[in-house]
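The values are calculated or read from the model by the stated rules, or taken from the named source; none is laboratory data. What you see is a predicted model; the values in this text were computed from it and never measured. No Cβ is skipped: glycine too gets one built from the backbone with ideal geometry, and neighbour counts run over all protein chains shown. Accessible surface areas use protein heavy atoms only, side chains included; no ligands, DNA or RNA. Shrake-Rupley method; radii C 1.70, N 1.55, O 1.52, S 1.80 Å.
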Amino acid sequence: MIAAYIAARPPRVLVRGLAESANYHWRLRPDPWTTARPVFGSTREDLHDTHLAGVQAVTRAALRHGVLQHTGDTDPAERSRIDLMSWAITSLRHHRSRRRLGEYQGRTSA
């Protein structure tokens with residue numbers, strides 16, 4: 001239900017939500033912000049419609065591949081057990097590319 005709600009948001013609303021999330025987490029833990037800045041830096045810019053469509057496409061793909069199964073736990077220790085960037089790169093890569101690179105991790109569904 002949450003995945004469907006997020007996937008239905010317009011691109012500018014998604015970007016605004018990412019910015020709010022980044023600000024919230026920065027207040028909790030400012031120390032890793034230098035590392036995270038490139039990922040969330042785009043939330044502070046006025047993005048072109050093409051970039052906004054890309055944000056929406058990647059968001060929907062991540063939701064389809066089960067990102068909330070890794071990030072939706074209420075226990076912070078459980079949420080920290082995954083390298084989310086590596087998961088995203090691997091999961092969102094086309095299956096033929098994963099096979100060619102020897103990436104055979106199981107596919108999860110939302």
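Things worth noting here:
- Stretched out straight at 0.36 nm per residue, the stretch from ARG9 to SER80 would grow longer than its current Cα-Cα span by 22.9 nm.
- Per residue, the accessible area of the chain comes to 74 Å², computed with a 1.4 Å probe over protein heavy atoms only.
- Rounded percent of accessible protein surface that carbon and sulfur make up, the chain, 1.4 Å probe: 57 percent
- In this structure, THR71 and ARG29 have a Cβ-Cβ separation that, at R0 = 22 Å, corresponds to a calculated FRET efficiency of about 0.90.
- Considering only THR50, VAL67, THR34, the residue lying farthest towards the positive end of the dipole of segment 34-74 is VAL67, judged by Cα position with unit charges set on Cβ.
- Listed candidates (1) 1.22; (2) 1.28; (3) 1.13 - label of the one calculated as Cα Rg over 2.2 N^0.38 Å: (3)
- On full extension, the segment bounded by LEU18 and ALA57 gains 12.6 nm, given 0.36 nm per residue less the C-alpha separation.
- Relative contact order (percent, whole number), the chain, Cα cutoff 8 Å, 6+ residue spacing: 30 percent
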